[in-house]
1. Does region 1-90 classify as rounded, prolate or oblate by the C-alpha gyration tensor (a ≥ b ≥ c root eigenvalues; a/c under 1.5 gives rounded; else a/b over b/c gives prolate, otherwise oblate)?
2. Subtract the Cα-Cα distance of Asp83 and Ala46 from 0.36 nm times their separation in residues, and report this length gain in nm to one decimal.
3. Residue separation times 0.36 nm, minus the C-alpha to C-alpha distance between Val53 and Lys39: what's the value?
4. At a 10 angstrom cut-off on C-beta neighbours, averaged per residue, how do the peptides 41-54, 9-22 rank from highest to lowest?
Amino acid sequence: MMQETIEQRLTDAFDPLHLEVVNESDNHSGPSGRETHFKVVIVSEAFASVPLVARHRMVNRTLADQLAGGVHALAMHTYTEADWRKRFGEAPMSPPCAHS
């Protein structure tokens with residue numbers, strides 16, 4: 001499934017402290033069950049000292065095959081741990097879940 005592929009690619013590339021990949025396809029017109037629109041929230045030190053646009057380019061490069069092969073829209077929220085804590089407070093982050 002596309003969602004799991006996106007999660008795995010981002011995990012492999014960025015070793016995130018927190019990762020959410022949300023399938024938002026049902027919020028858009030078209031048949032249910034498709035995987036074309038996603039939101040990604042990723043917290044990684046790989047983004048340290050990297051401007052926002054460059055972070056998005058990093059994610060786009062990592063998911064180039066998925067973006068070329070079915071993903072129509074990708075909303076990205078990219079943070080370092082310091083960015084996340086400044087914006088959302090000291091709530092602990094959950095590590096990405098390993099799918100079996």
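Taken together, the values in this text are just the output of simple stated rules run on the coordinates, not laboratory data. What you see is a predicted model; the values in this text were computed from it and never measured. Cβ sites come from the backbone with ideal geometry, for glycine too, and all protein chains shown count toward neighbours.
1. Note, shape of region 1-90 comes out prolate.
2. On the way: separation 37, 0.36 × 37 = 13.32 nm, distance 1.24 nm.
The Asp83-Ala46 span can extend by a further 12.1 nm.
3. Numbers: separation 14, 0.36 × 14 = 5.04 nm, distance 1.63 nm.
So the extension gain works out to 3.4 nm.
4. Numbers: 41-54: 15.0, 9-22: 17.4.
The most tightly packed comes first, giving 9-22, 41-54.
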